[in-house]
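Notes follow once the structure below has been shown.
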Amino acid sequence: MKKLIATGALMTAASPALAASGPFFSLANTNFVVLISFLLFIGVLVYLKVPSLVAAQLDKRAEGIKSELDEARAIREEAQSLLASYERKQKEVQGQADRIVAHARQEAAEAAEKANEELQVSIERRLKAAEDQIASAEAGAVKEVRDRAIAVAVAAAKEVVAKKITATQGNKLIDEAISQVEAKLH
């Protein structure tokens, strides 16, 4: 150990100007000084247990990476199951949408058929109403023609009767009509 300390003291005293010449195992040789310094540095690192600390840090880091990978795998599996679930739901929703569309088409066809039937019934009702109006108008026209014919016939008969009937004959006809009315009322 004393030699090590002495060597360290000599290395601090050595400078690049002194390393230009001499044998290899001399402190004057810079290659030898660098070799000794490197070995001393490695010795200090081993003495302070730096390699075990570095190995522990690397192991800790490896464990962290491994746990992150495991977590990533778990998340990936969960995402895949979630994706499969959403795909199933999407297929179910698509099937339900198809059923709704088919039902809506069926209802639309039924509504169109019902509307067509109602239209036919409405047309028949209107035709019947129009026929009834025509018949009523025809009956009204026939009645009007009859009334007009009766009025013309009465006027003509009145004229004819007025020319041919005398006052005594008129009074006789009136008395007969009154007696007929009395007989029918009792």
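The values are calculated or read from the model by the stated rules, or taken from the named source; none is laboratory data. What you see is a predicted model; the values in this text were computed from it and never measured. Because the Cβ atoms are built from the backbone with ideal geometry, glycine has one as well, and the counts that use them run over all protein chains shown.
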For the range 155-177, check the following and say yes or no: at least one residue is at pLDDT 80 or above, among the acidic types (D, E) and within 60 Å of the chain's Cα centre (by Cα). no
Of all residues in the range 7-56, which are outside any helix (DSSP H, G or I) and either touching a strand residue (DSSP E or B) at 6+ places or on another chain (Cβ under 9 Å) or modelled with pLDDT of 55 or more (or both)? S21, G22, P23, F24, F25, S26, L27, A28, N29, L48, K49
